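Every read-out reported here was derived from the displayed coordinates using simple, explicitly stated rules and does not represent laboratory data. Keep in mind that what you see is a predicted model, and the values were worked out from it rather than measured. Every residue, glycine as well, gets a Cβ built from its backbone with ideal geometry; the counts of neighbours run over all protein chains shown.
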Amino acid sequence: MKHLIAPSILAADFTRLGEEIEMVNQSEADWLHVDIMDGRFVPNISFGMFIVKAMKSVCQKPLDVHLMIVEPEKYIEQFREAGADVITVHYEACPHLHRAIQQIKATGAKAGVALNPHSSVSLLEDVLEDLDMVLLMSVNPGFGGQKFIYQTLPKVRKLHEMITTRNLSTLIEIDGGVGLQNAEALLQAGARVLVAGSSVFKAERPADVISQLKKIGENTLMV
Ligand code: DX5
Ligand code: ZN
């Protein structure tokens, strides 16, 4: 399966949000990654469903909504109504993770679970069957523009093995510090969705970076 590229709108110029989303519409991007931060689960605040709804009205690509918030189960339906196509909650924020996953699926959205850098992929052993996607954080969540944590690579390999031995089609998404320098290694390890914030939006020609990220691995045998 060809990999997917999800530019992260957090790195966009918010004074030109409409234009930035139009760039994504016109690009080879597959999804738009949308980071929701509450100042409690992570030490930063981004925006809420009101802005997601506005983005949805102009975005032609599926919205990949990453909830970095405590008690995400309180807001799942509202984010779905605002236009989320994929909803990801954090393992570390959900004492009743199984219930939260079912809640996401009941809305009709695809369900993802995110793991912080310190959380082992083996924590998901008993819910993997229920998931459409696992998001591995390759930076500590809360800010764009951070340095990629290389320990993520063995985690991708291990998770990929867990998925293939169970014959599942769960997508592995990598989020944080992803760019042209590490995309190929991530894809070879088994990643299928690459989130790219700064590497895309801070580039001189963002659409070109998206298309380069999309082309990576074209001539390599993928796992
Ligand atoms: C970090 C967010 C990421 C962030 C990625 O907490 O979850 O999605 O926007 O940005 P870059 O690609 O700049 O690390
Ligand atoms: Zn994110």
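Here's a check for you: in region 187-201, which residue that is part of a helix (DSSP H, G or I) and small (G, A, S) is surrounded by the most Cβ atoms within 10 Å (Cβ to Cβ)? Spell out how you get there, then give the answer.
If we filter region 187-201 for residues that are part of a helix (DSSP H, G or I), which is where we start, we get 187-189, 198-201.
Among the residues that remain, those that are also small (G, A, S) are: 189, 198-199.
Numbers: A189: 19, S198: 17, S199: 26.
The qualifying residue surrounded by the most Cβ atoms within 10 Å (Cβ to Cβ) is S199.
Among L180, L135, which is the only one that is outside any helix (DSSP H, G or I), on the phi < 0 side of the Ramachandran plot and buried (at least 19 other Cβ atoms within 10 Å of the Cβ)? So that I can check it myself, show each step before the final result.
Values: L180 fails: buried (at least 19 other Cβ atoms within 10 Å of the Cβ).
Result: L135 is the single residue among L180, L135 that is outside any helix (DSSP H, G or I), on the phi < 0 side of the Ramachandran plot and buried (at least 19 other Cβ atoms within 10 Å of the Cβ).
For region 38-51, what are the residues that are free of Cβ contacts under 8 Å to residues at least 40 places away in the same chain, more than 12 Å from E81 (Cα to Cα) and touching a helix residue (DSSP H, G or I) at 6+ places or on another chain (Cβ under 7 Å)?
Across region 38-51, the qualifying residue is only S46.
So P95 ticks every box in (1) part of a strand (DSSP E or B); (2) without any contact (Cβ under 8 Å) to a residue 12 or more places away in the chain but one. Which box is left unticked?
Result: P95 passes all but (1).
Considering only residues that are surrounded by 22 or more Cβ atoms within 10 Å (Cβ to Cβ) and of a type outside the set (A, V, I, L, M), which ones fall in region 1-19? Spell out how you get there, then give the answer.
Step one: filter region 1-19 for residues surrounded by 22 or more Cβ atoms within 10 Å (Cβ to Cβ), giving 5-10, 12.
Hits for region 1-19 are P7, S8.
Just to be sure, is V156 in a helix (DSSP H, G or I) and buried (at least 20 other Cβ atoms within 10 Å of the Cβ)?
Details: in a helix (DSSP H, G or I): yes; buried (at least 20 other Cβ atoms within 10 Å of the Cβ): yes.
Considered against the rule, which asks whether it is in a helix (DSSP H, G or I) and buried (at least 20 other Cβ atoms within 10 Å of the Cβ), V156 comes out as yes.
Name the one entry in E161, E173, E204 that is acidic (D, E) and assigned to a strand (DSSP E or B). Full working, then the answer.
Details: E161 fails: assigned to a strand (DSSP E or B); E204 fails: assigned to a strand (DSSP E or B).
Among E161, E173, E204, only E173 is acidic (D, E) and assigned to a strand (DSSP E or B).
Looking only at region 110-132, which residues are more than 16 Å from ligand 1 (Cβ to nearest atom) and surrounded by 15 or more Cβ atoms within 10 Å (Cβ to Cβ)? First the steps, then the outcome.
Going through region 110-132, the residues more than 16 Å from ligand 1 (Cβ to nearest atom) turn out to be 110-111, 120-132.
Within region 110-132, K110, A111, V121, L124, V127, L128, D130, L131, D132 qualify.
Go through (1) outside any strand (DSSP E or B); (2) touching a residue at least 40 places away in the same chain (Cβ under 8 Å); (3) within 20 Å of A6 (Cβ to Cβ) for A54 and report which single condition fails.
(2)
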